[in-house]
Every structure is written in structure tokens, then in C-alpha cells.
Amino acid sequence: MASVTYDSITKRWGDVTAVQDLNIEVGDQEFLVFVGPSGSGKSTALRMLAGLEEITEGSIYIGDQRVNELPPKDRNIAMVFQSYALYPHMTVFDNMAFSLKLHNIGRDEIERRVNEAAHELDIGELLERKPKALSGGQRQRVAVGRAIVREPDVFLMDEPLSNLDAKLRVEARALIQQLHHRLETTFIYVTHDQVEAMTMGSRIAVLNRGLLQQIDTPQTLYDYPDNMFVAGFIGSPSMNFFDSTLVQEDGSLYIDTGAFRIPAPPDKVDILRNRAGERIVMGVRPEDVHDPEYQPSGITPHPVESSIDVTELMGNEVFVHFRTGQFEFIGRLDPRTGAKVGHDMAPVFNLDKVHLFDIETEQAIR
């Protein structure tokens with residue numbers, strides 16, 4: 001078991017900086033998820049830890065040991081790739097046992113580890129099959145099993161579920177979480193899917209263009225994003241944004257979008273008064289936009305006159321695409337809503353959940 005430390009890590013290819021000044025401490029037995037769009041540097045950060053990419057600047061530690069110069073085989077890590085990378089001419093047993101044979105582990109110990117991992121993953125009856133005879137979900141389990149038998153200090157997973165269909169992804173997410181709890185080992189997981197990140201990680205590191213945007217628990221990232229990128233990336237559908245102006249009239253403070261005006265959230269009035277007249281960005285999550293007939297109790301509602309462009313029935317909720325003035329925005333409405341395309345509605349915003357950002361820096365105003 002081991003902690004992992006990224007100490008001022010930078011990775012460059014010529015003039016391209018893939019990761020810049022990354023500082024993260026991953027606790028022993030933690031499940032950390034790197035999440036971000038393509039090109040954000042998340043896979044590069046993982047591959048530097050695995051020893052598959054050279055580090056341009058900084059140091060990586062596994063436990064107390066600096067591993068910059070250690071070859072991958074000496075880092076006591078195991079990695080699961082997106083492609084699974086199974087040997088097609090080998091049986092499942094031989095695929096899972098291959099790395100152990102390279103390390104001169106005894107046959108009895110190999111059989112014990114492989115059989116235990118196969119039982120853990122419910123693939124015991126597949127050990128004599130070859131990869132071509134397996135489904136995508138079974139191959140994914142074999143790839144995970146091959147990592148488990150190594151009994152590593154750290155598990156690294158680089159988008160291992162992206163080749164699975166939606167149902168199998170849900171099952172595999174649960175499987176990996178169960179393994180983390182049972183194995184009590186450090187897991188570092190890379191994904192572009194924020195749903196995977198939110199449901200799996202004990203902490204999430206959000207990357208964009210090689211820079212760490214924010215690292216925290218899933219709920220904190222959702223409730224208190226540090227900037228507009230995190231606010232828009234975490235949550236599905238994405239947060240709605242409105243370019244606005246803070247207006248003070250008759251002692252009251254308002255957020256004026258030009259299309260509609262709402263009172264400043266009561267808990268934010270004090271920090272906003274010295275910004276009266278400034279341009280800001282207001283953010284409202286779709287789940288904080290409600291049909292006025294079915295708004296939950298205990299919120300601070302404010303209606304916004306709008307027209308309805310599109311409705312998407314999801315069964316347990318309805319995604320409604322609204323238009324007001326120059327803005328389009330999405331609400332996640334109660335399935336009983338009477339919202340219809342072409343009709344008007346005044347959905348209510350929950351003022352208690354409004355997010356505000358500096359229009360220049362895109363940093364949260366709190």
C-alpha cells in the first residue's frame with residue numbers, strides 16, 4: 001500500500017506543454033479520479049506515474065520513494081488500459097499469469113493468485129478460453145484481473161470502461177468500486193466522463209489544458225466549483241451561464257441579464273455590493289430550474305418568462321430547452337410538467353443555488 005505524490009510535475013513535447021506544475025498528494029488507499037476533456041493532460045499524468053512517459057520537470061513519489069528514474073517494472077504498480085491489451089494467442093489464465101511468470105513467481109503461487117482473482121471477478125469458468133471467445137465486458141474483467149494478481153501498491157486505470165456499452169459501464173463501475181473497498185489499495189483512475197468521476201472517486205482532480213483546475217470531493221466540486229470550467233464540466237446537463245450586470249436600485253441589488261432580472265441571492269448580497277455596476281456571469285444548474293407547479297418546498301424561487309423550444313422525456317424527469325431573449329437554457333423538470341414545445345412558461349430559478357463568476361477571470365465569486 002502506498003501514497004502517491006506529484007511534486008511540481010511538468011511534461012513538455014517541444015513547444016507543447018501537456019501538464020504544467022501539477023501538485024497532488026494521493027493518500028494511501030484513496031480513489032482519485034483525473035477527469036477532463038481530450039488534451040487536458042490526464043492520461044499523460046497517469047503515464048508519467050506508470051513510467052511510460054518521461055518527466056520534464058518535478059518529481060513523483062510512490063510512498064517515500066522518488067520514482068522518476070525507476071523503470072515501470074520496479075514501481076510495483078499495475079495498469080488497466082482502454083484497449084485491454086490482452087494477448088490473443090493466450091488463454092485467460094495465461095494472460096492473467098503472464099506478468100507473474102516474468103517475475104519468477106512460483107507456479108503454486110501463480111495458480112492461487114489467478115484463481116482468487118478469477119473468483120473475485122466471476123470469470124472462473126473462462127480461464128481456458130482465449131480473448132476472441134469473450135465479450136467486451138468479460139475482456140474488461142480479465143484486464144482488471146491481470147492487474148489484481150500483481151498485488152501492486154497502486155492501481156492505475158486509463159479509461160478502462162470507454163469500450164463498453166451503457167449497461168456494462170454501470171456494472172463495471174460498481175465492480176471497480178467494490179474491488180477498491182475489498183483490496184484496500186490506492187486507485188488512480190482517468191476518465192473524460194464526469195458521471196464516472198462523480199460516482200467513483202473519493203476525490204476528483206479536474207484538469208484542463210494541462211492545468212489542475214480544482215481537486216476536491218465530488219459533492220464539493222458540484223456545490224462549490226472554483227471557476228466556470230469546473231462548473232460547466234461537472235454536472236449533466238451542463239450548468240447554464242448568463243452574462244449579466246450587477247445593478248443597485250433603491251438599496252436593492254439585482255442581477256440583470258438584459259433578458260430578465262433577478263434579485264441577488266440573499267447569502268451573496270454582502271460580497272456583491274462593492275461590485276455594483278460590474279459585469280459578471282451567473283450560473284444556474286438545470287436541476288435548479290423548476291416548473292412553477294411542481295417546485296420543491298424550501299427554495300427561494302424566482303420566475304423567468306420563457307418560451308419552450310425542445311422537450312426531452314427521460315422517464316423520471318423532462319429536460320426542457322427554454323429561450324428567453326438572447327439566452328437558451330435547460331431545466332430538469334418534474335415528469336408531471338405540462339411543458340410543450342411552442343408554449344410559454346415562467347420556470348423558477350432557485351436563488352439559493354445561483355453561482356456567480358468574475359467575467360474576466362472566470363473565477364467563482366464567494
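Table for the structure above
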{"quantity": "The listed residue being closer than 17 Å to residue 238 by Cβ and either among the hydrophobic types (A, V, I, L, M, F, W, C) or outside the structural domain of residue 227 (by TED's automatic domain parsing) (or both), out of 304, 354", "calculated": "354"}
{"quantity": "Some residue of region 197-204 being of a type in the set (Ser, Thr, Tyr), without any contact (Cβ under 8 Å) to a residue 24 or more places away in the chain and closer than 30 Å to residue 64 by Cβ", "calculated": "no"}
{"quantity": "Selection status of residue 233, in contact with a helix residue (DSSP H, G or I) (Cβ under 7 Å, 6 or more places away or on another chain) and surrounded by 21 or more Cβ atoms within 10 Å (Cβ to Cβ)", "calculated": "yes"}
{"quantity": "Strands (runs of 3 or more DSSP E) wholly inside region 256-366 containing at least 3 residues that are under 23 Å from residue 227 (Cβ atoms)", "calculated": "279-284, 327-333, 355-358"}
{"quantity": "Contacts under 6 angstrom Cβ, first residue in region 26-41 being at positive phi, partner modelled with pLDDT under 95, 6 or more apart", "calculated": "29/184"}
{"quantity": "Filtered residues of region 156-186 (kept if touching a helix residue (DSSP H, G or I) at 6+ places or on another chain (Cβ under 6 Å) and crowded, with 23+ Cβ neighbours inside 10 Å)", "calculated": "156, 161"}
{"quantity": "Exclusive hit being farther than 24 Å from residue 246 by Cα and of a type in the set (Ser, Thr, Tyr), set 300, 324, 337, 361", "calculated": "337"}
{"quantity": "Residues (modelled with pLDDT of 95 or more, more than 13 Å from residue 333 (Cβ to Cβ) and of a type in the set (Val, Ile, Thr)) located in region 263-298", "calculated": "280, 281, 284"}
{"quantity": "Selection from region 299-315 of residues that are touching a residue at least 40 places away in the same chain (Cβ under 8 Å) and either exposed (fewer than 13 other Cβ atoms within 10 Å of the Cβ) or of a type in the set (Gly, Ala, Ser) (or both)", "calculated": "306"}
{"quantity": "Region 236-286: number of residues that are more than 19 Å from residue 353 (Cα to Cα) and crowded, with 16+ Cβ neighbours inside 10 Å", "calculated": "1"}
{"quantity": "Residue that is nearest to the chain's Cα centre (by Cα), among those in region 201-251 that are among the aromatic types (Phe, Trp, Tyr) and in a strand (DSSP E or B)", "calculated": "241"}
{"quantity": "Close pairs from region 329-344: first polar (S, T, N, Q), partner assigned to a loop (DSSP other than H, G, I, E, B), Cβ under 7 Å, at least 6 apart", "calculated": "337/291"}
{"quantity": "Residues satisfying the stated conditions in region 105-155, i.e. surrounded by fewer than 21 Cβ atoms within 10 Å (Cβ to Cβ), among the basic types (Lys, Arg), free of Cβ contacts under 8 Å to residues at least 60 places away in the same chain and out of contact with any Pro (no Cβ under 8 Å at 6 or more places or on another chain)", "calculated": "107, 112, 113, 129"}
{"quantity": "Answer residue from region 287-298, given it is over 25 Å from the mean Cα position of the chain (by Cα) and either farther than 30 Å from residue 363 by Cβ or without any contact (Cβ under 8 Å) to a residue 60 or more places away in the chain (or both) and is surrounded by the most Cβ atoms within 10 Å (Cβ to Cβ) among those", "calculated": "291"}
{"quantity": "Residue ID - nearest to residue 209 (Cα to Cα), chosen from residues in region 13-66 that are surrounded by 14 or more Cβ atoms within 10 Å (Cβ to Cβ) and basic (Lys, Arg)", "calculated": "42"}
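Matching residues to (1) within 13 Å of residue 291 (Cα to Cα); (2) in the same structural domain as residue 260 (by TED's automatic domain parsing); (3) crowded, with 20+ Cβ neighbours inside 10 Å:
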position	(1), (2), (3)
322	yes, yes, yes
330	yes, yes, yes
333	yes, yes, yes
338	yes, yes, no
364	no, no, no
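The values are calculated or read from the model by the stated rules, or taken from the named source; none is laboratory data. Note that this is a predicted model, so its numbers are computed, not measured. Here the Cβ is made from the backbone with ideal geometry for all residues, glycine too, and neighbour counts use every protein chain on show.
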